[in-house]
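Worksheet: the structure to be examined is printed underneath.
The values are calculated or read from the model by the stated rules, or taken from the named source; none is laboratory data. From a predicted model like this one, the values you see are computed outputs, not experimental measurements. Note that we place each Cβ from the backbone using ideal geometry, even for glycine, and neighbour counts take in every protein chain shown.
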Amino acid sequence: MLLIECPWCGQREETEFRYGGQAHVDYPSAPAETGDTEWAEFLFYRDNPAGPFAERWMHAAGCRRWFNAVRDTRTNEFLGVYRIGEGQPA
Amino acid sequence: MTASLLRTSPLGEREAEFAASGMDIREAGFRAMVNVRVDSASAAADAIGIALGVPLPVVPNTVCGGERAAVWLGPDEWLIYGADGDTPRITALATEALGPVSGSVLDLSANRTTIEISGARAREVLAKGCALDLHPRVFGEGHCAQTLIGKTQVLLWQYGNAPDYRILVRASFANYLADWLLDAAASGW
């Protein structure tokens, strides 16, 4: 069982959380002028690194807040968590 | 006929089982529960605290107050908990104090029921199905947490040092949790 640190509630078990995919995927700034290729990339294309990956998580059984986390996809180790609106730590 | 018209609580029929469990466990039904959402840094948050007589706690997973209490649910969300019949008063006071500011005051009294469990064995019984560290140095009086007990989501709140816990569980999950707690109380260590 993974222990995940919620930025509000502290360490909780993985079963309390929902996964939200890659973080920092921005909605197109000019939707009307965005072509099919760019839309497809926004909707469906995600990074798949072997290593640190910024992701969204939600503390579903707890405070129900979304937050961001950096997880190493090779080891499942959480390298850090940060609240929505806070920049990704270096 | 009259009996069927009276209000019923989700665990009203489990009273005898609770009494026979050997534990100090009971349902506290019909408590007032009002959800309040407002920016914690706003003047309206302070005004609501003053109007209700209990400040809205800003430290995560803590509770302020006694008979009427404000329970932390999120950085901009609280549950105001009070005695049976206090709902209209809480709702009116909080709505007036909120004023035109962005936020909400919502009566959720029928959403959850309360199970109270007290005594020396309470902590061990809860620990069988709750992953939180309930040791007093981590989780003591005035602490609360939204977490899982067994497979259901609850709001767990230590309100006394016996220790006494309140478990707020959604009405439709209350019988599941009652089964689970009675089983945990009955089985050996």
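Check B:Asn61, B:Asn111 and return the single one that is on the phi > 0 side of the Ramachandran plot and either touching a strand residue (DSSP E or B) at 6+ places or on another chain (Cβ under 9 Å) or of a type outside the set (S, T, N, Q) (or both). It would help to see each step written out before you state the result.
On the way: B:Asn111 fails: on the phi > 0 side of the Ramachandran plot.
Criteria check complete, one pass: B:Asn61.
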Taking B:Asp39 as meeting all but one of (1) within 14 Å of chain A (Cβ to nearest Cβ); (2) surrounded by 14 or more Cβ atoms within 10 Å (Cβ to Cβ), write down the number of the exception.
-> (2)
Kindly establish whether A:Arg12 is surrounded by 14 or more Cβ atoms within 10 Å (Cβ to Cβ), over 13 Å from the mean Cα position of the chain (by Cα), under 21 Å from B:Pro75 (Cβ atoms) and of a type outside the set (Asp, Glu).
-> yes
Could you figure out which of (1) away from chain B (no Cβ under 14 Å); (2) surrounded by 14 or more Cβ atoms within 10 Å (Cβ to Cβ) isn't true of A:Leu43?
-> (2)
Output the number of residues of the stretch B:87-105 satisfying the condition of being of a type outside the set (D, E, K, R) and exposed (fewer than 15 other Cβ atoms within 10 Å of the Cβ).
-> 7
Inside the stretch A:47-90, can you point out the residues that are charged (D, E, K, R), more than 14 Å from chain B (Cβ to nearest Cβ) and surrounded by 11 or more Cβ atoms within 10 Å (Cβ to Cβ)?
-> A:Glu55, A:Arg56, A:Arg71, A:Asp72, A:Arg74, A:Glu77
Which numbered condition trips up B:Thr152, out of (1) within 25 Å of B:Val59 (Cβ to Cβ); (2) surrounded by fewer than 20 Cβ atoms within 10 Å (Cβ to Cβ); (3) polar (S, T, N, Q)?
-> (1)
Starting from the stretch B:61-86, take each residue that is more than 14 Å from chain A (Cβ to nearest Cβ) and in a strand (DSSP E or B) and list its partners that are surrounded by fewer than 17 Cβ atoms within 10 Å (Cβ to Cβ) and modelled with pLDDT of 95 or more, counting only C-beta distances under 6 angstrom and pairs at least six apart or across chains.
-> B:Cys64/B:Pro55
Taking B:Val54 and the conditions (1) more than 14 Å from every other protein chain (Cβ to nearest Cβ); (2) assigned to a strand (DSSP E or B); (3) surrounded by 18 or more Cβ atoms within 10 Å (Cβ to Cβ), which numbered condition does it fall short on, given that it satisfies the others?
-> (2)
Considering every residue within the stretch A:14-26, establish whether at least one is modelled with pLDDT under 95 and farther than 30 Å from B:Ala145 by Cα.
-> yes
Counting just the residues of the stretch A:2-40 that are over 13 Å from A:Ala60 (Cα atoms) and among the hydroxyl-bearing types (Ser, Thr, Tyr), which one comes out farthest from the other protein chains (Cβ to nearest Cβ)?
-> A:Thr37
Residues B:Val71, B:Val105: which one is farther than 24 Å from A:Arg83 by Cα, at pLDDT 95 or above and of a type in the set (Val, Ile, Thr)?
-> B:Val105
Among the residues of the stretch A:22-34, is any over 27 Å from B:Gly129 (Cα atoms) and either in a strand (DSSP E or B) or among the aromatic types (Phe, Trp, Tyr) (or both)?
-> yes
Output the strands (runs of 3 or more DSSP E) that fall wholly within the stretch B:119-174 and possess 2 or more residues being touching a residue at least 24 places away in the same chain (Cβ under 8 Å) and within 12 Å of another protein chain (Cβ to nearest Cβ), or say none.
-> B:144-149, B:152-160
